[in-house]
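Engineer: Got a structure here, written out as structure tokens. Questions coming.
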Amino acid sequence: MIAINKWGKMYLELEVYMKNKRFLLRLLTFTFILLLTSAAFRKVEARPISDSTLITVEIQDSVLLDIEILPEELLLNRPRQQFQLRLIGIYSDNTTANLTHPNKGTTYISDNPAVVTINSYGLLTALSEGSAVITATNSGISDVVEVVVDFLILEGIELKPKELYFHRVPDSANLTVIGYFSDGSTANLTRGSSGTRYQVDDPTIMSISPNGRLTVRADGIAWITVTNDGFYDTAKVTVRTNEDLMAIVVTPSELSFTRIKQRLRLRVIGIYYDGDRADISPPGAGTQYYSDNPEVARVNPSGLVTATGEGTTVITVSNSGITAEVLVMVKVAELVAIELLPVKNPLTRVGQRVRLTVIGHFSDGSRLNLTRPEAGTRYHSSRPEVATVNKCGVVTAVSDGIARITATNSTFSDSIIPFWLR
């Protein structure tokens with residue numbers, strides 16, 4: 001047996017104590033960690049499972065890719081004639097928009113304002129013969145259109161009607177001034193902007209506006225004189241009140257149309273008990289119009305009859321309880337041939353222009369000018385390097401040579417060699 005002194009015994013007791021203390025410390029530490037882990041686990045277990053990501057949505061505006069002026073070509077043939085251009089924007093999202101108005105950012109310029117001017121709204125005005133290129137710009141993108149001004153020569157004017165009768169005051173009516181031109185065409189020159197001027201010899205009986213609106217104020221007889229470019233015509237105005245209507249006469253008494261949309265204005269003459277006659281065609285004179293079958297022909301409040309389909313109908317005209325009837329027959333004539341008229345002045349130099357004329361011949365023996373593209377006529381040049389032709393039938397010499405111009409409408413065509421250059 002080994003003898004242990006008091007110091008050795010104390011050492012052994014201290015060692016056992018320290019071992020027990022470390023054990024307890026480790027036990028407490030382990031228990032604490034276990035508790036923390038359990039609490040954290042329960043917290044994580046109670047939290048909803050989720051995830052997220054950042055999505056960026058960027059909405060881009062459509063971008064203007066191109067602009068287009070309409071029409072592509074333009075011919076003006078009247079002094080001070082005006083025409084409104086249209087500008088269409090084409091965008092990256094395949095949409096289009098009307099950009100004609102200046103508040104859309106569009107600007108216009110004419111390279112020859114002595115021939116054609118254009119305002120900020122795209123309105124053209126012809127001033128003199130020649131050509132001009134109009135440029136439209138929006139957002140740095142431009143498009144151009146060539147405008148050709150080729151004035152026709154005025155050979156006479158006609159004021160319609162020649163006589164007017166009024167049986168009440170105040171009353172009014174619209175005059176019409178027709179211009180006859182050198183190529184056989186006619187145009188409405190009623191408005192003052194076309195150069196027409198009006199004058200009355202007795203302003204106490206009536207007055208007239210710059211655009212041909214006549215207003216009567218008192219009984220009497222007065223004369224109207226209309227002038228344009230050195231030509232003149234006159235009309236007589238009679239104003240007599242307090243007279244009763246006895247009968248009405250409509251001319252023509254029968255109408256025969258051979259084309260859909262063909263028009264003709266009825267004239268209604270009122271016959272009074274004192275023997276006077278008056279044009280009571282305008283609705284302001286109390287005349288009313290009615291079509292029995294608008295699908296064949298319709299009539300507007302001013303007595304303008306328009307053919308709308310084949311068949312027959314009756315137009316009833318009434319005023320003050322008195323009526324008259326007009327028989328309307330519509331049978332559409334067919335196009336049987338077209339004729340390209342010879343050119344009066346052959347082209348002899350590069351850049352010179354000449355206008356073609358296309359006449360349509362119909363099955364009823366009538367003829368109609370089909371020159372304009374709206375009539376369905378199309379043009380083709382056999383050699384564009386020698387001569388070009390636009391959709392309005394204007395031929396332009398490009399170089400020496402001979403070119404054949406062909407006009408086509410429906411299934412019919414005709415051609416012509418309008419010039420040769422040496």
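Engineer: Restricting attention to region 311-342, which residues are surrounded by 14 or more Cβ atoms within 10 Å (Cβ to Cβ), under 27 Å from Asp183 (Cβ atoms) and β-branched (Val, Ile, Thr)?
Structural biologist: Ile338, the sole residue that qualifies.
Engineer: Let me ask something else. If a residue has to be open to solvent by less than 40 Å² (accessible area, probe 1.4 Å) and in a strand (DSSP E or B) to count, how many in region 144-172 make the cut? Break it down into steps so the answer makes sense when it comes.
Structural biologist: From region 144-172, those open to solvent by less than 40 Å² (accessible area, probe 1.4 Å) are 145, 147-149, 152, 154, 156-157, 159, 161, 164, 166-167, 171-172; that's our starting set.
If we keep only those that are in a strand (DSSP E or B) too, we end up with 145, 147-149, 154, 156-157, 159, 164, 166, 171-172.
The qualifying residues number 12.
Engineer: Please verify whether region 198-207 includes one or more residues that are outside any helix (DSSP H, G or I) and touching a residue at least 60 places away in the same chain (Cβ under 8 Å). Talk me through it step by step, then tell me what you get.
Structural biologist: The initial filter retains those residues of region 198-207 that are outside any helix (DSSP H, G or I), namely 198-207.
Now narrow it down to the ones that are touching a residue at least 60 places away in the same chain (Cβ under 8 Å): none.
Looking through region 198-207, none of the residues is outside any helix (DSSP H, G or I) and touching a residue at least 60 places away in the same chain (Cβ under 8 Å).
Engineer: Out of the residues in region 229-254 meeting the condition of being assigned to a strand (DSSP E or B) and either of a type in the set (Gly, Ala, Ser) or modelled with pLDDT under 85 (or both), tell me which one is surrounded by the fewest Cβ atoms within 10 Å (Cβ to Cβ).
Structural biologist: Across region 229-254, the extreme among qualifying residues is Ala247.
Engineer: If you don't mind, there's one more thing I want to ask. I'm trying to understand the selection: among the residues of region 217-228, which are crowded, with 18+ Cβ neighbours inside 10 Å and without any contact (Cβ under 8 Å) to a residue 60 or more places away in the chain?
Structural biologist: Ala222
Engineer: Of all residues being under 20 Å from the mean Cα position of the chain (by Cα) and aliphatic (A, V, I, L, M) in region 126-141, which is surrounded by the most Cβ atoms within 10 Å (Cβ to Cβ)? Just the residue, please.
Structural biologist: Going through the qualifying residues, I end up with Ala126.
Engineer: One residue is enough: does region 201-212 have a residue meeting the conditions of a type in the set (D, E, K, R) and under 37 Å from the mean Cα position of the chain (by Cα)? Break it down into steps so the answer makes sense when it comes.
Structural biologist: Of all residues in region 201-212, those of a type in the set (D, E, K, R) come to 201-202.
Of the ones still in play, those that are also under 37 Å from the mean Cα position of the chain (by Cα) are none.
So far as region 201-212 goes, no, none of its residues is of a type in the set (D, E, K, R) and under 37 Å from the mean Cα position of the chain (by Cα).
Engineer: In addition: Looking only at region 91-125, how many residues end up being over 16 Å from Val147 (Cβ atoms), open to solvent by 60 Å² or more (accessible area, probe 1.4 Å) and outside any loop (DSSP other than H, G, I, E, B)?
Structural biologist: 5
Engineer: Does at least one position in region 267-275 carry a residue that is at positive phi and without any contact (Cβ under 8 Å) to a residue 40 or more places away in the chain?
Structural biologist: Residues of region 267-275 at positive phi: 275.
The next check asks that each one be without any contact (Cβ under 8 Å) to a residue 40 or more places away in the chain; those that pass are 275.
Checking region 267-275: at least one residue is at positive phi and without any contact (Cβ under 8 Å) to a residue 40 or more places away in the chain.
Engineer: Hey, another quick one. Yes or no: Leu214 part of a strand (DSSP E or B), out of contact with any helix residue (DSSP H, G or I) (no Cβ under 8 Å at 6 or more places or on another chain) and open to solvent by less than 30 Å² (accessible area, probe 1.4 Å)?
Structural biologist: yes
Engineer: Right, here's the next one. If I ask for residues that are open to solvent by less than 50 Å² (accessible area, probe 1.4 Å) and either charged (D, E, K, R) or assigned to a strand (DSSP E or B) (or both), which ones from region 255-270 would you list?
Structural biologist: The answer is Leu255, Phe257, Val268, Ile269, Gly270.
Engineer: Same structure again: Name, by its number, the condition in (1) open to solvent by 20 Å² or more (accessible area, probe 1.4 Å); (2) under 20 Å from Asp183 (Cα atoms) that does not hold for Gly393.
Structural biologist: Status for Gly393: all satisfied but (1).
Engineer: Of all residues being open to solvent by less than 30 Å² (accessible area, probe 1.4 Å) and over 25 Å from the mean Cα position of the chain (by Cα) in region 296-310, which is farthest from Ala333 (Cα to Cα)? Just the residue, please.
Structural biologist: Among residues in region 296-310 that are open to solvent by less than 30 Å² (accessible area, probe 1.4 Å) and over 25 Å from the mean Cα position of the chain (by Cα), the one farthest from Ala333 (Cα to Cα) is Gly303.
Engineer: Does Leu76 satisfy the condition of being within 23 Å of Lys236 (Cα to Cα) and crowded, with 16+ Cβ neighbours inside 10 Å?
Structural biologist: Working: within 23 Å of Lys236 (Cα to Cα): no; crowded, with 16+ Cβ neighbours inside 10 Å: yes.
Considered against the rule, which asks whether it is within 23 Å of Lys236 (Cα to Cα) and crowded, with 16+ Cβ neighbours inside 10 Å, Leu76 comes out as no.
Engineer: Tell me yes or no: at least one residue of region 201-211 is closer than 14 Å to Ile178 by Cα, polar (S, T, N, Q), in contact with a strand residue (DSSP E or B) (Cβ under 7 Å, 6 or more places away or on another chain) and open to solvent by less than 80 Å² (accessible area, probe 1.4 Å). Spell out the reasoning first.
Structural biologist: In the first step, residues of region 201-211 are kept if they are closer than 14 Å to Ile178 by Cα; the result is 211.
Applying the additional criterion that residues be polar (S, T, N, Q) yields 211.
Of the ones still in play, those that are also in contact with a strand residue (DSSP E or B) (Cβ under 7 Å, 6 or more places away or on another chain) are none.
Within region 201-211, not a single residue is closer than 14 Å to Ile178 by Cα, polar (S, T, N, Q), in contact with a strand residue (DSSP E or B) (Cβ under 7 Å, 6 or more places away or on another chain) and open to solvent by less than 80 Å² (accessible area, probe 1.4 Å).
Engineer: Does Arg349 satisfy the condition of being at negative phi and without any contact (Cβ under 8 Å) to a residue 40 or more places away in the chain?
Structural biologist: Numbers: at negative phi: yes; without any contact (Cβ under 8 Å) to a residue 40 or more places away in the chain: no.
No: the conditions fail for Arg349.
Engineer: While we're looking at this one, here's another question. I need a count of the residues in region 232-249 that are closer than 30 Å to Val314 by Cα and in contact with an Asp or Glu (Cβ under 8 Å, 6 or more places away or on another chain).
Structural biologist: Residues of region 232-249 closer than 30 Å to Val314 by Cα: 243-249.
Cutting the leftovers down to in contact with an Asp or Glu (Cβ under 8 Å, 6 or more places away or on another chain) gives us 243.
Within region 232-249, residues that are closer than 30 Å to Val314 by Cα and in contact with an Asp or Glu (Cβ under 8 Å, 6 or more places away or on another chain) number 1.
Engineer: So, one more: Do we have any residue at all in region 372-385 that's of a type outside the set (Ser, Thr, Tyr) and open to solvent by less than 20 Å² (accessible area, probe 1.4 Å)? Quick ask: steps written out before the conclusion?
Structural biologist: Within region 372-385, the first condition is being of a type outside the set (Ser, Thr, Tyr), and the residues that meet it are 372-376, 378, 380, 383-385.
Going one step further and asking which of them are open to solvent by less than 20 Å² (accessible area, probe 1.4 Å), we end up with none.
Scanning region 372-385, I find no residue that is of a type outside the set (Ser, Thr, Tyr) and open to solvent by less than 20 Å² (accessible area, probe 1.4 Å), so the answer is no.
Engineer: Could you list, ordered by first residue, the pairs with Cβ atoms under 7 Å in which the first is in region 297-325 and basic (Lys, Arg) and the second is open to solvent by less than 40 Å² (accessible area, probe 1.4 Å) and not in a loop (DSSP other than H, G, I, E, B), at least 6 apart or interchain?
Structural biologist: Pairs found: Arg298/Ser291; Arg298/Thr306.
Engineer: Further question on the same structure: Can you tell me which condition Asn345 does not meet? The list is (1) assigned to a strand (DSSP E or B); (2) exposed (fewer than 13 other Cβ atoms within 10 Å of the Cβ); (3) not charged (D, E, K, R), and all the others hold.
Structural biologist: Result: Asn345 fails condition (1) only.
The values are calculated or read from the model by the stated rules, or taken from the named source; none is laboratory data. Quick caveat: nothing in here was measured; it's all calculated off a predicted structure. A quick note on method: Cβ atoms are made from the backbone with ideal geometry, for glycine too, and the neighbour counts reach across all protein chains shown. We work out accessible area using only protein heavy atoms, side chains counted, and drop any ligands, DNA or RNA first. Shrake-Rupley method; radii C 1.70, N 1.55, O 1.52, S 1.80 Å.
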